[in-house]
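The values are calculated or read from the model by the stated rules, or taken from the named source; none is laboratory data. All of these numbers come straight from a predicted model, not from anything done at the bench. Counting neighbours? That spans all protein chains shown, and the Cβs are built from the backbone with ideal geometry, glycine included. Surface accessibility is based on the protein's heavy atoms, side chains included, excluding ligands, DNA and RNA. Shrake-Rupley method; radii C 1.70, N 1.55, O 1.52, S 1.80 Å.
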Amino acid sequence: MAQLTATSEFAAEPRVGRGFWSDAAHRIGRDRLAMACLAVIVVYAVMAVAAPWMFSTWKDSYNYDNVNSAPSWRYWLGTDVFGRSILQKTLLAASTSMTVGFMANIIAVPLGMVLGAVAGFYGRRIDDLIVWLYTTLASIPGIIRLIALKVAFAGIVLFEGVNLLENTPLEFSLEIDLGGIVGLYIALGVMSWVGTCRLVRAETMKLRESDYALAARAVGRGDLAILFRHIVPNLLHLGIIQFSLGFVGAIQSEVILSYLGIGVQDRPSWGKMIDAARMDLVVGRWWEITAAVGAMFLIVLAWNIFGDRLRDALDPRLKNV
Amino acid sequence: MLRFIVRRLLQAVFTIFGVMLITFLLFRVVSGDVSANFVNPKLGAKARLDWLHRHGYDLPVVVNLHRRVYFQDRTEGGQPMFVTDPKGSTASGRLGLVLAAEQGQRPAEDADPNAPERLARRMTGHYVWMWNAKPANSARALVRPVERGVAELPADEPAFPDGSLIEFSLSDGSKLTVDLSGARTVGELLARVNEHPENDGRLEAGLTEYRPVQFFRSQFFEHLHDSVLFRGRSYATEQKLTNVIASRAKYSLAISIPALVLGWVSAMIISSIVAYFRDTWIDRVGVLISVLGMCVPMLAYMVLGQWLMAEVYPEAAWGLRYKTNIYVPVLIATVAGLGGAVRFYRTVILDEVSRDYVRTARAKGVGLRSILFKHVLKNCMLPILTNLVTAIPFLIMGSLLLERFFGVPGLGAFMIDSIAIRDMPMITGMTFLSAVLYVIALLMTDVLYAVFDPRIRLQ
């Protein structure tokens, strides 16, 4: 009897079965370090949205009486060569980096996923073509590849003079200056899909032979339906993993390109801050470079750890790869 | 085995072709006309067109189906022939004429000896001005050079506005003024010159003959040719690409080889130690430090390293005047790459440790140290060596950032300077060089894999 009661008690509160996503969320939710990193990322993301709006006057806030001043109560991180607040500059640069990282991956990850899925699913000529494309891209060293595209983009404006909804209050210009930040999104995006594509292609080749793909085919599903309704949804976690891992690369590339003077032009960037301040250390002005390096270090660290933990949570098989 | 190598070789050829295609698209098609960086604007539009001609920008992009209009001076004088616009006319600018026999122009290898280009070289006093025209349909529409190559004029637009006069000053000092206003087709243009009442056979206008070999005289095939033979010449200094590589590669190698060797050795040692003490505090501290080190931006290492050096030994902080100056960049390159390398090697080693044969060896009573250094390390060598071999092609380019920052006159620094002034042949050539080296290295690792690991061939 006692045994029966125990069983019924057990049955009274059945364990709710968890799906793949909630299981992964549960796993990562228990990981304190990952959550701390996520918090850092969220703070940066909020900053990315808020900073350009909060500090919209920063760019013209010249103050020649207060040039290169050390950190103080008024300027927590000191001022730059024009007397502008470095705290605000750093936050604006964080906004630049986060935007670039986000936009680059929004382009790269879906591109890599679609190309990888198509290549892995159809095989043969299409596969050969896509593999050729990414082998070619991958054989040009990373930073040179990026520089090449940025150099080629310089001075190109798409849709020049094209305005939508002309003569209405909603009129806006469709002009895209590829020499500017949009060019950077595109350059980073189209140059960094190779890893995602490789991974997704290999996984698609496995899933193509799986039982459920066969079952879908048996009930008369077409190729595209099997690919995009059955196979790709099962690979979405790879996209998320690649998105988080790709963020670090995009941030680092943006900083290097900006340092070399071919990244972002008209807004603050950590790379430009480092470039501006590289001779400052010698004369004892440490604040600008410390702010830029520190801010960058923190977000790169957070993304690195979070990306790793996310990968472990979403795809335990990939652990230690 | 042979079939595998041949197949891989074929793939490599396709990849290299792909690289040439990409460099062509990026540096020739997308980036377009870069003459503004190399021609003094005070010299005017004529000089720019000449520059474009000299560097092949007026050739057709993919294949050459063009014929050229030529104006050949038949008088026997000693002066060069030249073309001017009388006041108010823009005719010669519209034509964008170039002097075919210009100094420094690359002679066309496929040109036949009687082609106007060659004639002009051989016979003093006979000068030829050339202008690109499209082939067969030359009588249909007049074409004119625009900023990028040659484009057709819309049929309804008059090719030359009223008052388009062009004055040919011939080699014997005489002049011929031709009125081109209203001319709409190439045939009309030729007729205006040849049937000019005062011409008397002094000036001949005609179309060059189209020869099938010319098919490959296009920007694309010239690019392939130049890439394969590394024949680029700097726009800025006229230096050959091969000379630049020969004179600068040593500085890059002087930094990148020691950095690679030092980095590899120290990463191997550290990661072996960390893996040996797996799941102890040594392991945790090691991993923590390598993750932290990985996240410090390369630029920070450079700035900090230079500052430290300037404090300790100022002479060694910049340039290459002293031999000691090489230490700082080498050290920075080593340290900056250490974090990622240790993490990667540790993963590879631990992956190997979890295999069955290790458990068997332990069960047999083989000591941990012996397993780790005799069995495991030997088996990890394949991925680790791959990592190493694929790093070799990047040695020659050195590090773009380090070389620029520390004033090392290597290829990386040169690449950055070339990018800044848009010196396309140099950028193209070096991008292509590094890609080719990388493809070769990959090929080598694949073949090595196939030789040492028979399982690979089966796939």
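A few points about this structure:
- Percentage relative contact order, segment B:278-378, counting C-alpha pairs under 8 Å, at least six apart: 27
- Relative contact order of chain A, taken over Cα pairs closer than 8 Å and 6 or more residues apart, is 23 percent.
- Distance between the modelled labels on A:Trp53 and A:Ala218, one decimal in nanometres: 5.4 nm (7 Å Cα→Cβ projection).
- Evaluating 6.51 cos²θ - 1.76 cosθ + 1.60 at θ = phi - 60° for every residue in segment B:287-293, the Karplus couplings come out as 5, 4, 5, 5, 5, 4, x Hz, glycine and proline recorded as x.
- Extension gain, A:Arg32 back to A:Gln265 (0.36 nm per residue minus Cα-Cα distance, nm): 80.1 nm
- Gain on full stretching of the segment that runs from A:Ala225 to A:Ala202 - 0.36 nm per residue minus C-alpha separation: 6.4 nm
- Acute angle (nearest 10 degrees) that the helix A:194-208 long axis makes with the longest principal axis of chain A, alpha-carbon atoms: 10
- Within the accessible area of segment B:241-452 (1.4 Å probe), percent carbon and sulfur: 68
- A viscosity of 1.306 mPa s and a temperature of 10 °C, combined with the Kirkwood radius over Cα pairs in Stokes-Einstein, give a translational diffusion coefficient for segment A:82-212 of 91 µm²/s.
- Pairing chain B with chain A buries about 3500 Å² of accessible area. This figure sums both sides and uses a 1.4 Å probe.
- Spatially proximal lysines relative to B:Lys175 (Cα-Cα < 26 Å; intrachain offsets below 8 disregarded): B:Lys46, B:Lys87
- For chain A, the longest principal axis of the C-alpha atoms and the axis of helix A:32-54 are separated by about 50°.
- Under the combined filter of DSSP loop state and at most 12 neighbouring Cβ atoms within 10 Å, segment A:92-183 retains these GluC sites (Glu not before Pro): A:Glu160, A:Glu166, A:Glu171.
- For peptides B:248-255, B:283-290, sequence by mean Cβ density within 10 Å, most packed first: B:248-255, B:283-290
- In Hz, Karplus ³J(HN,Hα) per residue of segment A:270-283 (6.51, -1.76, 1.60; θ = phi - 60°; x = Gly, Pro): 4, x, 5, 5, 5, 4, 5, 9, 5, 8, 5, 4, 4, 8
- Relative contact order (%) - segment B:241-452, alpha-carbon pairs under 8 angstrom, separation at least six: 29
- Amide H to amide H distances under 5 Å link A:Val157 with A:Leu178, where only residues 5 or more positions off or on other chains count and H is placed in the peptide plane.
- Interface residues of segment A:94-137, defined as a loss of at least 50 Å² in heavy-atom accessible area between the chain alone and the complex of all protein chains with a 1.4 Å probe, are A:Trp132, A:Thr136.
- By average C-beta atoms within 10 angstrom, highest first, the peptides A:45-51, A:26-32, B:405-411: B:405-411, A:45-51, A:26-32
- Efficiency of FRET between B:Ser181 and B:Ala36 - r from beta-carbon atoms, R0 25 angstrom, step 0.05: 0.25
- Once the Cβ-Cβ distance of B:Leu308 and B:Arg278 is raised to the sixth power relative to R0 = 30 Å, the FRET efficiency obtained is 0.35.
- Sites B:Leu21 and B:Leu253, calculated FRET efficiency, Cβ-Cβ separation with R0 30 Å, nearest 0.05: 0.55
- Share of alpha-carbon pairs per 10 Å distance bin for segment B:334-429, given as whole %: 13, 29, 21, 16, 12, 7, 1
- Full extension of the chain between A:Ser22 and A:Leu174 gives 50.6 nm of extra length, using 0.36 nm per residue less the Cα-Cα distance.
- For A:Gly263, the residues whose amide H sits under 5 Å from its own are A:Ser258, ignoring neighbours fewer than 5 places away on the same chain, with H placed 1.01 Å from N.
- Across peptide A:206-218, the mean count of Cβ atoms from other chains lying within 10 Å of each residue's own Cβ comes to 0.
- Residues whose amide H comes within less than 5 Å of that of B:Gly407, counting only those at least five positions distant or on another chain, are B:Gly319 (H built at 1.01 Å from N in the peptide plane).
- Placing a pseudo-label 7 Å from each Cα along the Cα-to-Cβ vector at B:Asp417 and B:Tyr327 gives an inter-label distance of 2.8 nm.
- Across B:Lys42/B:Lys250; A:Lys150/B:Lys240; A:Lys206/B:Lys364; A:Lys59/A:Lys150, pairs whose alpha-carbon gap is larger than 28 Å: B:Lys42/B:Lys250; A:Lys206/B:Lys364
- Remark: segment B:348-353, residue by residue, has Karplus-estimated 3J(HN,Hα) of 4, 5, 5, 4, 6, 4 Hz, where x stands for each Gly or Pro and the curve is 6.51 cos²θ - 1.76 cosθ + 1.60 at θ = phi - 60°.
- Where segment A:193-321 is the region considered: accessible area per residue in Å², 1.4 Å probe: 43
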